[in-house]
Structures are given as structure tokens and as C-alpha cells.
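Engineer: To start, I am sharing the structure in question, which I have written as C-alpha cells.
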2 protein chains.
Amino acid sequence: MSDFIPTERTQVKRLPKRGKYDRETVHAILDAAFLCHVGFCVEGQPYVIPTNYGRSGDTVYLHGSAASRMLRTLSEGMPVCVTVTLVDGLVLARSAFHHSVNYRSVVMLGTARLVEDPKEKMEALRLFTEHVMRGRWDEVRWPTEQELKATTVLALPLKEVSAKVRSGGPVDDEPDYSLPVWAGVLPLEMLPKQPIADPQRKADQPLPAYIKNYSR
Amino acid sequence: MSDFIPTERTQVKRLPKRGKYDRETVHAILDAAFLCHVGFCVEGQPYVIPTNYGRSGDTVYLHGSAASRMLRTLSEGMPVCVTVTLVDGLVLARSAFHHSVNYRSVVMLGTARLVEDPKEKMEALRLFTEHVMRGRWDEVRWPTEQELKATTVLALPLKEVSAKVRSGGPVDDEPDYSLPVWAGVLPLEMLPKQPIADPQRKADQPLPAYIKNYSR
């Protein structure tokens with residue numbers, strides 16, 4: 001797979017070593033996370049809204065209520081920034097200054113396209129469900145025509161994209177290595193806990209394996 | 001504590017029941033998380049950048065390299081949006097349409113102020129460290145004058161703020177409750193794993209209790 005070409009707007013300038021532009025890295029981060037933060041401007045005021053997404057190749061899909069201000073704004077072709085961030089750990093240095101966070105992030109710039117073709121729209125809805133939980137789509141009731149109408153789906157082509165990755169241990173100033181301070185990384189991971197069955201269920205359904213063994 | 005007053009820009013319009021404007025809720029979300037997404041506009045293009053923050057009362061502090069474009073832009077008084085999101089679980093309904101995510105988020109709008117007073121700046125740096133890991137500041141080497149100079153600190157007063165919270169199980173359409181589909185919540189939590197000591201340490205330091213027992 002080819003690399004994304006960094007532009008003036010996506011080239012990582014601060015700590016350029018952390019910048020990544022290859023599709024493998026970008027796709028892998030997008031597939032590991034499921035939450036993104038969507039940024040848009042209205043009359044000079046930025047708004048940043050958390051939401052879910054799906055991915056197919058070099059297209060990221062966003063969705064929400066047809067009544068959502070964000071989706072209405074973006075479907076008019078306003079510039080958007082979609083950012084995905086995974087936190088991997090706290091980097092504990094010997095000096096306060098060199099504390100850091102291990103993370104993987106992707107920043108996507110562009111304009112989104114309203115998905116109107118019913119087939120692409122349904123496929124995007126499948127992607128949202130499967131992105132959050134692989135195996136779920138085939139078990140649940142699929143969207144009705146009315147639900148499809150109530151949902152706006154936007155497609156953002158991956159064009160101006162960069163990833164940024166920090167990994168590994170702390171990097172301290174040479175004299176600080178002799179300080180009597182524990183230094184290292186505290187890895188963090190988003191983990192599933194015990195599933196909670198809906199008390200309103202009317203039939204006692206077994207817990208599917210894809211939930212029991214959930215991991216990202 | 002009094003409530004924040006919702007404005008036209010912060011009032012939660014979609015699913016207004018999820019909107020919260022009380023300081024307890026807002027502060028609790030800000031204290032539970034440590035990653036925020038900062039949104040700003042440059043020539044009509046929004047940018048959303050992940051970063052850390054600290055909080056003191058109704059002030060949120062951001063920081064970074066003095067060379068950072070984001071911090072330079074914001075210190076000029078450009079409007080900013082800072083969003084903090086915690087994911088609490090996947091809400092698995094019987095229909096694809098009613099799938100959801102349990103989350104807590106805060107959206108803060110305003111303009112940031114450059115922190116120039118050295119005392120406030122040092123205190124903000126203490127807050128960043130303590131926000132990520134309580135107990136850490138007293139053990140590490142504190143910032144030198146040079147490090148302080150290399151760091152830009154911005155203060156965002158909490159004025160136009162709203163929180164949004166979704167919790168609980170799935171809400172399905174009545175006919176769907178009889179479908180043979182497991183429904184419920186898969187709780188998710190960011191958890192620490194085994195700390196990894198820096199192999200470059202020169203003395204064998206014991207692991208402090210605040211790392212061993214880390215939780216948010």
C-alpha cells in the first residue's frame with residue numbers, strides 16, 4: 001500500500017519522528033479505535049464532537065440523526081477534521097518536563113460527502129456495527145427504510161491524513177538518570193468487563209462468543 | 001455549586017435528556033479523564049488535536065511546546081473548543097439502529113489566556129503531572145527556568161460548558177424485545193497493566209504505591 005502524501009497541513013512539525021504517513025499505520029489505528037472526535041467551524045467557532053465511525057478502504061463513514069447540526073453542517077461541504085486517538089500508556093520520566101503519554105493518533109482533513117445511495121448507506125451502517133463489535137450485524141435486526149431515512153451518513157475520503165505515534169520508555173536528560181525516582185511506563189488498555197444482560201430481555205439468550213471474547 | 005448556564009451554543013439539542021450543566025458532573029468528568037481534544041480553526045479549516053490537560057476550579061489548563069502551532073494560535077485569542085470524552089461501554093440492542101455507546105463527555109467553548117505569571121505557570125505544570133498521576137509531582141525533578149520558558153501554558157475559563165452522559169442498557173422498539181438476540185451492555189474501562197521499568201535506570205528504585213495502585 002502506498003503512503004499518504006503529507007501536505008503543509010498534515011505534516012507533523014513538532015517531533016517529526018512521530019509522524020507516520022503509511023496506509024498500514026493509519027488503517028491499523030482506525031481499526032483499533034472506534035471513537036473519533038469530529039471538528040467543524042461555525043461562524044469561526046470550532047466544535048469538537050465525539051462520535052463513532054466505520055471504515056472501508058480509504059473512506060471513513062460518520063453517521064447520526066438527520067436532525068444533527070454537525071451532520072447538517074458537514075453535509076454542506078464544510079471542511080472537517082476527524083481525529084482518532086488511542087492512549088497506550090503513561091510515560092513516567094525522572095523529570096516532570098519529560099513526562100509523556102504513549103499514544104497512536106490519526107488526523108484526517110477534508111470535506112465529507114452525503115451518502116445518498118441506499119446500498120452504500122446500508123453498507124455503512126453495517127460497517128458502524130461491525131466496527132464496534134465484529135459479528136454483531138448478522139444477529140441483530142437490520143435498519144428499516146424509516147430508520148435509514150432518520151439516519152444521515154457521511155463519507156470522508158482519506159486524502160489529507162497523518163498519524164502520530166509515541167511508544168517506548170521515558171527519555172530523560174542525562175544528569176537525571178541518577179535521580180532516585182522510579183521511571184518507566186504504565187501501560188493502559190481499554191478492556192471489557194463482565195457483560196450486563198438487559199433485564200428487559202424476554203428470552204434468556206446465551207452470551208455470544210464475540211461478546212464473551214471481545215477484544216480490539 | 002451552581003450550574004453552568006446553557007447557551008445557544010452549548011445547550012444539548014439532540015437527546016436533551018443527556019445534557020448536564022451542573023458543576024459536579026462537569027468537574028467529575030474532567031477529573032476522571034486526562035485526554036482532551038482541542039479544536040481550533042485556521043482559515044476556515046478545523047483542526048482537532050489530542051493533548052493532556054489539568055484543572056483547577058473552573059480553569060482548564062493546556063500546555064505544550066512554545067513552538068506548537070496550536071498553542072500559538074490559541075494564545076492569540078482564537079475561539080477554542082476543548083472536548084473530553086470517556087467511553088463506559090457498548091450498548092448492544094436487538095436492532096442495529098438502537099445500538100449506542102455509554103459515555104460521559106464535556107464540551108468547553110471559549111478563548112484561552114496565555115499564562116505568563118511564573119507562579120501560576122509552575123502550579124499549572126504541577127496540575128498536569130498530578131492530573132495524570134496523583135503523587136508523582138513530589139517525587140520528580142521539577143521544571144527548570146529553561147524548561148518553563150520552553151513550555152507554553154494556556155488557561156481556559158469554564159464558562160460555556162455542557163456535559164453529555166449516556167448510561168444504562170439498550171432501549172429497543174417494543175416488538176424487538178421478543179427477538180432471539182442477546183442484548184445488554186459490555187462495560188469498557190481503561191485499566192493499567194503491569195508497569196514497565198525503564199531499562200536505562202541506574203538505580204533499582206522500588207515501584208511507588210501510587211503507580212502500583214493506579215486507578216482513575
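Engineer: Could you pull the copy-to-copy label distances for B:Arg18, with points set 7 Å along Cα to Cβ, in nm to one decimal and sorted shortest first?
Structural biologist: 2.9
Engineer: Moving on. Lysine pairs in the range A:63-216 with alpha-carbon atoms under 22 Å apart, 8 or more places apart or on different chains: how many are there?
Structural biologist: 5
Engineer: Still on this structure, I have one more. If each label sits 7 angstrom from Cα along the C-beta direction, how far apart, in nm, is B:Asp173 from its counterparts in the other copies?
Structural biologist: Label-point distances to the other copies, shortest first: 6.4 nm.
Engineer: Set the Förster distance to 35 Å, then compute FRET efficiency between B:Ala197 and A:Ile196 from the Cβ-Cβ distance, nearest 0.05.
Structural biologist: Rounded to the nearest 0.05, the efficiency is 0.45.
Engineer: Sum -39500 (n - 2.57) across every DSSP H segment of at least 4 residues in the protein assembly as shown, then divide by the residue count to get the 222 nm mean residue ellipticity, nearest 500.
Structural biologist: Helix-only estimate at 222 nm: -5500 deg cm²/dmol.
Engineer: Where Lys and Arg each count +1 and Asp and Glu each count -1, what net charge lies around A:Met190 among other residues with Cβ under 15 Å from its Cβ?
Structural biologist: Charge balance near A:Met190 sits at +1.
Engineer: Turning to a different aspect of this structure: Want the number for A:Arg134 to A:Ala209: 0.36 nm per residue separation, take away the alpha-carbon distance, what's left?
Structural biologist: 25.9 nm
Engineer: For the protein assembly as shown, can you list the cysteines whose C-beta has no other cysteine C-beta under 4.7 Å from it?
Structural biologist: By the Cβ distance rule, which asks for a partner under 4.7 Å, the isolated cysteines are A:Cys36, A:Cys81, B:Cys36, B:Cys81.
Engineer: Still on this structure: Just to confirm the filter: which trypsin sites (Lys or Arg not before Pro) across the range A:130-174 are DSSP coil and have at most 13 other Cβ within 10 angstrom of their Cβ?
Structural biologist: When the trypsin sites (Lys or Arg not before Pro) of the range A:130-174 are filtered for loop state and at most 13 Cβ neighbours within 10 Å, A:Arg134 remain.
Engineer: Just need the relative contact order of chain A here, percent rounded to a whole number, with Cα pairs under 8 Å and 6+ apart.
Structural biologist: Dividing the mean separation by the residue count of chain A yields 26 percent.
Engineer: Just grab the label-to-label distance for B:Glu76 and A:Ala28, each label 7 Å out from Cα along the Cβ direction, in nm (one decimal).
Structural biologist: Roughly 3.7 nm, to one decimal.
Engineer: Just to confirm the number: angle between the C-alpha axis of helix B:23-32 and the first principal axis of chain B, 0 to 90 degrees, nearest 10?
Structural biologist: 70
Engineer: Separate question: For the range B:38-96 and the range B:125-180, write down the distance between their C-alpha centroids in whole Å.
Structural biologist: Taking the Cα centre of the range B:125-180 as reference, the centre of the range B:38-96 is 10 Å away.
Engineer: Which values, in whole Å and largest first, are the semi-axes of the equivalent ellipsoid of chain B obtained as the square root of 5 times each eigenvalue of the Cα gyration tensor?
Structural biologist: Calculated on Cα positions only, the semi-axes equal 35, 25, 15 Å.
Engineer: From zero outward in steps of 20 Å, how is the percent of C-alpha pairs of the protein assembly as shown spread across the bins?
Structural biologist: Using 20 Å bins, I get a P(r) of 25, 58, 17, 0 for the protein assembly as shown.
Engineer: If you plug each phi of the range B:75-85 into the Karplus form 6.51 cos²θ - 1.76 cosθ + 1.60 with θ = phi - 60°, what whole-Hz ³J(HN,Hα) values come out, in order, with x for Gly and Pro?
Structural biologist: Going residue by residue, I get 6, 7, x, 5, x, 10, 10, 10, 10, 10, 10 Hz, with x marking Gly and Pro.
Engineer: Moving to a separate point now. Applying the Karplus parametrisation 6.51 cos²θ - 1.76 cosθ + 1.60 with θ = phi - 60° to the phi angles of the range A:39-51, what ³J(HN,Hα) value in whole Hz is obtained for each residue in order, glycine and proline being reported as x?
Structural biologist: With the stated coefficients, the range A:39-51 comes to x, 8, 10, 10, 6, x, 9, x, 10, 10, 10, x, 7 Hz.
Engineer: Along Cα→Cβ, 7 Å out, is where each label goes; now give me the distance between the ones at A:Thr144 and B:Met1 in nm to one decimal.
Structural biologist: 4.3
Engineer: Nearest 10 degrees is fine. How inclined is helix A:118-132 to the longest principal axis of chain A, computing both from alpha carbons?
Structural biologist: With both axes taken from Cα atoms, the answer is about 40 degrees.
Engineer: Output, in nm with one decimal and in ascending order, the distances from the B:Ala197 label point to the matching label points of the other copies (7 Å from Cα along Cα-to-Cβ).
Structural biologist: 4.6
Engineer: Considering chain A as a Gaussian network with a 10 Å cut-off on Cα pairs, which listed residue, A:Pro192, A:Pro206, A:Pro157, attains the greatest mean-square fluctuation?
Structural biologist: Most flexible of the set in this elastic network: A:Pro206.
Engineer: Looking at the range A:99-200, I'd like the Rg to Rh ratio, where Rg is from alpha-carbon atoms and Rh is Kirkwood's inverse mean 1/r.
Structural biologist: So for the range A:99-200, dividing Rg by the Kirkwood Rh gives 1.17.
Only the coordinates and a few stated rules stand behind these numbers; no lab work does. What you are looking at is a predicted structure, and each value in this text was computed from that prediction instead of being measured. Methodologically, a virtual Cβ is constructed for each residue, glycine included, from the backbone with ideal geometry; neighbour enumeration extends over all protein chains shown.
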